[in-house]
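Following: one structure in structure tokens, then a few remarks.
No value in this document is a laboratory result; all are computed from the given coordinates. No experiment lies behind these values; they were computed from the predicted model shown. Glycine gets a Cβ as well: all are built from the backbone with ideal geometry, and neighbour counts include every protein chain shown.
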Amino acid sequence: MTGILTASSVGKSYGTGTARMAIIDGLELSIAKGEFVSLVGPSGCGKTTLLMCLSGLLTPSVGEVRFKGQTVSAPPIGLSVVFQDYSRSLLPWKTNLDNVLFGMRRLSMAAADKKARAAEIIAAVGLSGFENHHPWQVSGGMQQRVAIARGIASQSELLLLDEPLAAVDAQTRADMQDLLLDLAKRFNQTCVLVTHDVEEAVYMADRVLVLGPRPTRVVREIVVDLPKPRDQIATREAPAFLHARHEVMALIRGMRAGQNLS
Amino acid sequence: MTIARYAEKLRVPICIVLVMGSWQLIYVLGMVPAKYFPSIFAIAVAFWQMLTDGAVISAWATTFLRALIGLVGAALLGIALAIISDLSPVMARGIRYVSDVLQPIPPAAFVPMAVFMLGLGPKLYAFVIILVTVWPPYLNGVSGLASVGAVQLNTGRMFGLTNWGLLWRVKLPAAMPEVFAGIRYAATISLIAVIVSEMLAGRDGIGFMIFKKAFALRTAEVFGLMFLVGFNGVLLNGLVNLLRRGVTGWHIRMMERHE
């Protein structure tokens, strides 16, 4: 089976000789269309570097990333990254609507159609009425929703989410998790979520890929066998949830203990 | 409470009254010989006479236009130098060395050579004013372009911007508030440079008029002209602010919000 996104023998290192620092080494993964996959790993394992390599913003030192069968050498149309730092990712001189339109700049559509589509997606993330506000005039959670809308509007099929909810408060985070799951389904988005939060990783995903310490690779795959739609209360109490959470946490704790010893 | 509100509303007239009052007090107390320090009324009368004979109007227009053209030229050149510096590290170092050498040279030092090379025409003024005014927009441009964050650049790349696209659509808009801070500072420098150049080149403009009247010991008229120079500053800053509100109004509103 070939997925929408595959990485084969991907390695990334900086420097040469004794100063060489390997971040990723021999990483393999395959994401199927329509899947929601979480990537978790110990702190500092190179998750963000991996996401940059998957998106084409960084070029792997060795190996190959393919998106829809094509080798990724620059960010392709159909793939978009939602960054953790939404306040720096949104352009402050543009309104929320113009930020979403900025995501559509490569699409060949009439300006009026673009505007209508942008307005539709802004409504889907619950920001109708804030189109003409600037990002800095709305709350953090709303800013991240603008960034998500911009990602989807770029005719995205694959969203790479780089700890998108790490900077929003806990209550907003739960709402945003459900919104993301809902949007993924509604706009047929395949999602790869990088997160520190093991519970979030399990709650959101069909599959959790656990990354090893640096130089990182996928060390374990855990299939999350929970019904959809997920529910913030019921899902988090389900035995399958607790079991998956236990497994991921134990793995990461083991790795951290190993790191501390070495 | 209400007094504070009136004071806030009337701050400009209050300042004017305070300045003029102190001036008049110094005059009345005779702290400086009256010959060199005329009363406010004497200055007003002298200024009014100059206005009615018309010479001062054309001198003012000449001077203001020179400062304005010099400022526009310096701002454009400064931004261009900043962009070149951003594109090429080698050029960046070269331009910085040149700016380190030229920056501390005062406008007055450029004028004699410039007169020999360029004559007394508009080229002289453009050369001198731009040469001393270009640095703040250039320096602020360099720092503004360099401080655009990695996340913003990655966002631009993700949506397919090339290096040129990133420059025009992400880096320059992000750097504009800082560039305008430099242009505001440059406006003051260009006014100083034009007055100094006119004094030394000695043909026309407010600077030359001040020089001439000072030699004739017409102190009331000199002071009147100095106020006019100050008014030029207010006018030029007003124009710059108008443009700044148009180009980087988002930033001004954002800063007001975060206060």
Inset, instruction - Measure off 7 Å from each Cα along the Cα-to-Cβ vector at B:LEU217 and B:TRP168, then give the distance between these two points in nanometres to one decimal. - result: 6.4 nm
Legend entry - Burial order of peptide ranges B:219-229, B:42-52 (average beta-carbon count within 10 Å, highest first): B:219-229, B:42-52
Legend entry - Stretchable slack from B:LEU77 to B:ILE57, in nm (0.36 nm times residue separation minus alpha-carbon distance): 4.2 nm
Legend entry - Potential lengthening between B:VAL90 and B:ILE26 on full extension [0.36 nm per residue; Cα-Cα distance subtracted]: 17.4 nm
Legend entry - Where Cα atoms sit under 15 Å apart: lysine pairs in chain A separated by 8 or more or lying on different chains: 5
Inset, instruction - Write down, largest first, the equivalent ellipsoid semi-axes of the stretch A:159-204 in whole Å, where each equals the square root of 5 times an eigenvalue of the alpha-carbon gyration tensor. - result: 17, 12, 9
Inset, instruction - Based solely on C-alpha atoms, express the radius of gyration and the Dmax of chain A in angstrom. - result: 18.5, 60
Legend entry - the stretch A:24-160 shape via C-alpha gyration tensor axes, a/c threshold 1.5: prolate
Legend entry - For the stretch A:89-155, fraction of C-alpha pairs farther apart than 17 Å, in %: 28 percent
Inset, instruction - Tell me, rounded to the nearest percent, the portion of alpha carbon pairs in the protein assembly as shown spaced more than 46 Å apart. - result: 36 percent
Inset, instruction - Enumerate the lysines that B:LYS212 could reach by cross-link, defined here as Cα to Cα under 18 Å, with residues fewer than 8 away along the same chain left out. - result: B:LYS35
Inset, instruction - Rank A:LEU127, A:ILE31, A:ALA111 by how far each Cα sits towards the positive end of the charge dipole of the stretch A:19-134 (+1 on Lys, Arg Cβ; -1 on Asp, Glu Cβ) and give me just the farthest. - result: A:ALA111
Inset, instruction - Please sort A:239-245, B:122-128 by packing, taking for each peptide the average over its residues of neighbouring beta carbons within 10 angstrom, highest first. - result: B:122-128, A:239-245
Legend entry - Computed E for A:GLU221/A:SER108 - FRET, C-beta separation, R0 35 angstrom, nearest 0.05: 0.35
Inset, instruction - Classify chain B as rounded, prolate or oblate from the Cα gyration tensor: take a ≥ b ≥ c as the square roots of its eigenvalues, call it rounded if a/c is under 1.5, otherwise prolate when a/b beats b/c and oblate if not. - result: oblate
Inset, instruction - Quote the charge dipole size of the stretch B:59-249 about the Cα centre in Debye, to the nearest 20; the model charges only the Cβ of Lys and Arg (+1) and of Asp and Glu (-1). - result: 180 debye
Inset, instruction - Pop out the ³J(HN,Hα) list for the stretch B:53-67 in order, Karplus 6.51 cos²θ - 1.76 cosθ + 1.60 with θ = phi - 60°, rounded to Hz; leave Gly and Pro as x. - result: 7, x, 4, 5, 4, 5, 5, 4, 4, 4, 5, 5, 5, 4, 5
Inset, instruction - Assuming a ≥ b ≥ c are the square roots of the Cα gyration tensor eigenvalues, decide whether the stretch B:1-138 counts as rounded (a/c under 1.5), prolate (otherwise, with a/b larger than b/c) or oblate. - result: prolate
Legend entry - Under the Karplus curve 6.51 cos²θ - 1.76 cosθ + 1.60, θ = phi - 60°, whole-Hz ³J(HN,Hα) for the stretch A:68-75, x wherever Gly or Pro sits: 6, x, 9, 5, 8, 10, 8, x
Legend entry - Neighbouring partner chain Cβ atoms per residue of A:89-96, average, 10 Å criterion: 5
Inset, instruction - Using only Cα atoms, tell me the angle between helix A:170-186 and the longest principal axis of chain A; keep it within 0 to 90° and round to the nearest 10. - result: 80 degrees
Legend entry - Rg over Rh [alpha-carbon atoms, Kirkwood Rh] for the stretch A:170-262: 1.00
Inset, instruction - From other protein chains only, count the Cβ atoms within 10 Å of every residue's Cβ in A:126-136, then give the mean. - result: 1
Inset, instruction - Rank-order B:21-28, B:234-241, B:184-191 by packing density, defined as the average count of other C-beta atoms within 10 Å over each peptide's residues, highest first. - result: B:184-191, B:234-241, B:21-28
Legend entry - Most mobile of A:GLY141, A:GLY34, A:GLY44 in a GNM of chain A (Cα contacts under 10 Å): A:GLY44
Legend entry - Candidates B:ALA82, B:ALA55, B:ALA150, ranked by Gaussian network fluctuation over chain B, Cα under 10 Å, top entry: B:ALA150
Legend entry - Peptide-level mean, for B:245-251, of C-beta atoms on other protein chains within 10 Å: 2
